[in-house]
Amino acid sequence: MTSTSNQSTPQVSTSSEQPAALTTSEAAILASSKATAQDASGRQPASSTASASELASTKITLLGTLRRFADFPIPGINFIDILPIFQNPATHKALLRALELQVLEFGAKPDVVVGLDARGFLFGPQLALQLNASFVPVRKQGKLPGPCVTATYEKEYGQDFFQMQEGAIKPGQKVLVVDDIIATGGSAAAAGSLVKQLGGDLIGYLFMLEIPFLKGRDKLDGVHTVTLLETDD
Ligand SMILES: O=P(O)(O)OC[C@H]1O[C@H](OP(=O)(O)OP(=O)(O)O)[C@H](O)[C@@H]1O
Ligand SMILES: Nc1ncnc2[nH]cnc12
């Protein structure tokens, strides 16, 4: 996929067509795509330029698709709605492609993709298929049959329990935990602790979106964490 689009690629502005005012997140994406595409001599190899610019374009498109709802689900929470991405096949496809590119940053192919109930199920199984990996769910308590391991956690708007089925991960398997959003990091940290209880080798966390001011990464014990998009607004 390149920014010279085909029908399944979201339409993205070229630099001469940029809207007059970029948001802070969009400007940061453009700056980092220019920096990372350069080699040691300052030149930009064609393939790396293409994929960096593809990723930067996709990020801007996806950020523009998000919606905000004030005071949902409780007063004081600025809820970021990712669902519009899935309403459009082009943005849906671009998201999956971008996440697949982000997995390269882990330097190892996961054996298992673990997705968190419920929004981690929107793209986790598809990503697992693209990586030729297994998909295993983390579910809210009371939804999984058979013996389970359980972890309690606090998230941005409440407390909950997560479970995984015993035997769902084989000891030593390389596991990537994926979810839509990392806010305070409580959900992801609980999922990581379940993976470890089952003997998995937690190689990292991958999120569609991070809310940096909530400092969720601080709860992830330094485990490699990659996020496609960031917004504090
Ligand atoms: O970083 P945290 O503060 O823990 O918050 C992030 C979690 O909150 C949301 O899930 P939610 O529990 O609302 O469930 P849902 O996916 O079923 O909507 C989101 O999908 C993450 O899993
Ligand atoms: N602000 C937020 N918006 C959407 N999902 C969330 N999960 C935790 N915090 C959230």
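The values are calculated or read from the model by the stated rules, or taken from the named source; none is laboratory data. Here the structure is a predicted model, which means the values were calculated and not measured. A quick note on method: Cβ atoms are made from the backbone with ideal geometry, for glycine too, and the neighbour counts reach across all protein chains shown. Side chains included, ligands, DNA and RNA excluded: accessible areas come from the protein's heavy atoms. Shrake-Rupley method; radii C 1.70, N 1.55, O 1.52, S 1.80 Å.
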Checking Ser187 against (1) away from ligand 1 (no atom under 12 Å from the Cβ); (2) among the small types (Gly, Ala, Ser); (3) open to solvent by 10 Å² or more (accessible area, probe 1.4 Å), the condition it does not meet: (1)
Residue match in region 139-154 (condition: more than 10 Å from ligand 1 (Cβ to nearest atom), basic (Lys, Arg) and in a loop (DSSP other than H, G, I, E, B)): yes
Count of region 111-126 residues which are open to solvent by less than 30 Å² (accessible area, probe 1.4 Å) and either away from ligand 1 (no atom under 15 Å from the Cβ) or part of a strand (DSSP E or B) (or both): 5
Scope region 50-104; condition open to solvent by less than 30 Å² (accessible area, probe 1.4 Å) and assigned to a loop (DSSP other than H, G, I, E, B); matching residues: Leu66, Ile77, Ile82
Cross-chain or 6+ apart pairs with Cβ under 7 Å, region 197-224 first and over 18 Å from Thr184 (Cβ atoms) and more than 16 Å from ligand 2 (Cβ to nearest atom), then part of a helix (DSSP H, G or I) and of a type in the set (Lys, Arg): Leu202/Lys196
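Rundown of residues vs (1) of a type outside the set (Ser, Thr, Tyr); (2) more than 16 Å from ligand 2 (Cβ to nearest atom); (3) modelled with pLDDT of 95 or more, yes/no style:
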residue	(1), (2), (3)
Gly42	yes, yes, no
Phe72	yes, no, yes
Leu96	yes, yes, yes
Gln130	yes, yes, yes
Given (1) open to solvent by 30 Å² or more (accessible area, probe 1.4 Å); (2) of a type in the set (Gly, Ala, Ser); (3) without any contact (Cβ under 8 Å) to a residue 24 or more places away in the chain; (4) away from ligand 1 (no atom under 15 Å from the Cβ), index of the condition Ala108 fails: (3)
Residues of region 197-227 classified as of a type in the set (Phe, Trp, Tyr), open to solvent by 30 Å² or more (accessible area, probe 1.4 Å) and either in a strand (DSSP E or B) or within 10 Å of ligand 1 (Cβ to nearest atom) (or both), total: 0
Per-region count, region 83-98, residues farther than 14 Å from Leu63 by Cα and either touching a Leu at 6+ places or on another chain (Cβ under 8 Å) or aromatic (Phe, Trp, Tyr) (or both): 1
When residues of region 151-194 are limited to those that are of a type in the set (D, E, K, R) and touching a helix residue (DSSP H, G or I) at 6+ places or on another chain (Cβ under 7 Å), the one nearest to ligand 2 (Cβ to nearest atom): Glu156
Contacts under 6 angstrom Cβ, first residue in region 69-87 being in contact (Cβ under 8 Å) with a residue 24 or more places away in the chain, partner within 10 Å of ligand 1 (Cβ to nearest atom) and open to solvent by less than 40 Å² (accessible area, probe 1.4 Å), 6 or more apart: Ile82/Asp180
Cβ pairs under 7 Å, 6+ apart, first in region 121-143 and closer than 17 Å to Gly200 by Cβ, second in a loop (DSSP other than H, G, I, E, B) and open to solvent by 20 Å² or more (accessible area, probe 1.4 Å): Leu131/Lys109; Ala133/Asp111; Ser134/Asp111; Val136/Ala168; Pro137/Asp117; Val138/Asp117; Arg139/Asp117
Residue among Leu202, Leu209 that is out of contact with any Pro (no Cβ under 6 Å at 6 or more places or on another chain) and more than 27 Å from Ile60 (Cα to Cα): Leu202
